[in-house]
1. Apply the Karplus curve 6.51 cos²θ - 1.76 cosθ + 1.60, θ = phi - 60°, to the phi angles in the range 201-212 and return the couplings in whole Hz, x for Gly and Pro.
2. Could you provide, to the nearest whole Å², the per residue accessible area of the chain with probe 1.4 Å?
3. What's the long-distance tail for the range 650-724, i.e. % of Cα pairs beyond 21 Å?
4. May I ask you to list the lysines whose Cα is less than 21 Å away from that of Lys334, ignoring any residue fewer than eight positions away on the same chain?
5. Once label points are set 7 Å from the Cα along Cα→Cβ at both Gln617 and Thr517, what is their separation, rounded to one decimal in nm?
6. For Asp366 and Ala723, what does the FRET efficiency come to when R0 = 45 Å and r is the distance between their Cβ atoms, rounded to the nearest 0.05?
7. Ignoring ligands, DNA and RNA, how do Lys99, Lys732 rank by accessible area with a 1.4 Å probe, largest first?
8. Compute the acute angle (0 to 90°) between the alpha-carbon long axis of helix 522-532 and the principal axis of greatest extent of the alpha-carbon atoms of the chain; round to the nearest 10°.
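The values are calculated or read from the model by the stated rules, or taken from the named source; none is laboratory data. Here the structure is a predicted model, which means the values were calculated and not measured. In this analysis, Cβ positions are derived from the backbone assuming ideal geometry, glycine residues included, and neighbour counts consider all displayed protein chains. Areas reflect the complete protein model, heavy atoms only, side chains present, ligands, DNA and RNA absent. Shrake-Rupley method; radii C 1.70, N 1.55, O 1.52, S 1.80 Å.
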Amino acid sequence: MKQLSTGNRLIFVLLLSIFSFPHLLQAQKTSVQNIDRRVEELLVKMTVEEKIGQLNQIASDINTGTDLKKDDLLGQIRAGQVGSVLSHINFENKILIQKTAVKESRLGIPVLFGFDVIHGYKTIFPIPLAQAASWNLGAIEAAEHIAAMEAAADGQNWTFSPMVDVTHDPRWGRIMEGAGEDPWLGSRIAEARVRGFQGADLSADNTLAACAKHFAGYGFIEGGREYNSVDISDQRLHESVLPPFKAAADAGVATFMCAFNTLNGVPTTMSKYLLTDILRDGWGWPGMVVSDWNSIGETLIHGTAIDDADASAKCLSAGCDMDMAGRTYQRGLKTALQQGRVTDQQLDAAVRRVLRLKFMLGLMDDPFRYLNPQRREQMLERPEYRQAARALAAESMVLLKNGGGLLPLDKDSPFKKIALIGPYANSIGHKDYMSFWTLGLGNPAYDSTKVVTPAQALVPALEEMGFEVTYTEVCLDATCTEKDLSVALQAARAADLVIALVGEQGLNCGESRSVSTLELPRSQEKLLQVVARNNKPSVVVLFNSRPLVFPWALENVPAILVAWQPGYETGNALADILTGAVNPSGKLPVTFPRRTGQIPMYYNHLNTGRPQEFLGQMWTSGYLDLENSPAFPFGFGLSYTTFAYSGLQLSKPAVDMDETLEVSVRVTNTGKLAGQEVVQLYVRDLAADISRPVRELKGFEKITLAPGASRTVVFKLTQADLAYRNPEGRFKADPGMFQVFVGGSSADGLTTRFELR
Ligand code: NOJ
């Protein structure tokens, strides 16, 4: 499968060869048996208090990183009470912390430094949901490798990423951290991210331990309301939620994180079903599990534990090894042991997993391997990282409409004067184009002035092409006034074409950022309407962290581009797309509904016994006031060129269970520009033991075609691709008829049938 554009491949290979190779040798030195032996040698020397200390992860002052005195952090480390520190920024203090752990604690065990590296570390990439829209696994892997190189050079050795939560609910602010609604695409992206962070060798000084989170079900919180309860069927759990976690486990992810939510009544942090039966016994995954922030302590609030000892006993015995930020184990685990509610063996098993990770990271042999000031100087914010961020941001953008071929703005465009209008034309002070993770924490690792804004890049780029450009920043949500609108109107009147940059603020996206409506703010819609009064053509550029709803623009604006929150290279990437230097190739990894009330909305739904064909069709499954189709379906995205699909063929009309079916299709670039197309393969089981989704993604290939060129794309389908979890809980494929679809989105394409015997 070709996933890497030539440019990205080059950057990736270059980075890998420059930074990774010497460390591969190191990996061979520390064999697994050797690690296990050394872990046991250490374990027998440890007191109960020291063991509990290894399970204690403490939060430090993320703003300054200098708050070492507040809780006597160093004193606790010296006493062997701390196994890990999270969200620590200050580099010198990290050295001090590690020195204290290694030189002043009795056993000298180094600490793990954990950090939320969500879309880049110093060089900020587009949000993960945007990255998913690129459908470019190689570029996503390369982005995480860059993030890992920066973070590791700055002293971090563990990232709380990737978030692999599938969700059907765009109200949930954390939709931006995942790969969207599809478990199959989400699984491939989960693998890519794990590979990107961890590389071939966890002990290399340019890789990080990754963390698959949040295990599990968090994406299905009721009403999309943050931290809410989750109540889903086992079918949904196993088919929609777990696959990306399993993929991450199989890709060797070093750690898992529990979720804040209850799953069918049980807080995930004390779910033996999830943490032991599925993760460890079922999948045989050997790594370390960390709670979410105080989620052990929150079992008391859920009403499932009476005190710290009870919470500690329930969570540790369920399989949660490390306590993030809550100190519940520190307060309650010893009592739980004394009460006989946790065995020494259970405690040792958890400590073993923490120590093992420290060995695997190379920390036990060289505790300062991630804390080298010279390396730090060389590795942060290199120009080639910016280049990769720009390419990925452009590849993530999704063209939703391009009426009359309005875009790209090139020499043949019939316009002379262009007005950039809207709150996100040049938003410097408001800290947009990124997410909560890079803005909301007040984190000095990030600097919003490093963002290239749309105006900063577009004005010179368009002027150089001979356009006259103005920009007017108006209408920031509730602050929008009639005066703002008349300024916008004047600017629009003076122009031949308007580019309206609207959408969401950066801080709208991330943890604790749920919303009850997806509609574009009223003020912004009004802005678009005012501009339209001019009868001038306009292009809407959306900055968004989730699917938004914009019925007026959908009907009335000829060209719409989803830019997401693109990160530091926002303006340059946007200029690349709008001027046609890069032909858009992003495809939606989530469905865009027409109205918030349609949620949950996802392409791989069941058919119902009465599917609706048109609005108003009685006795069918639908609404009286809105058609069932989305505004834009999963997998959708336009290009400046066009692609035609023909000649869908199967290698055989019927296959046996152990055979592989080949599905081939001819794709032709029928337009005038070179472009990339994401060719998507979907299947449907037509007569299974339980009702199956109307379509399920089972493959894709991103291809590049010159104008007029064609290519045959071949997919392979095996029994495993057709299997599902049957009512007895086993994954298996039913013999019978299947439908296969190949096309450019989940809502179109060629189709045929085959039989599985
Ligand atoms: C809570 C979030 O849910 C989790 O994703 C994150 O990694 C931790 N806080 C640490 O910041």
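1. 8, 5, 7, 5, 7, 10, 10, 10, 6, 9, 9, 7
2. Here the residues of the chain average 36 Å² of exposed surface.
3. 39 percent
4. Qualifying lysines at Cα under 21 Å: Lys45, Lys51, Lys272, Lys314.
5. 3.1 nm
6. The value I calculate is 0.50.
7. Lys99, Lys732
8. 30 degrees
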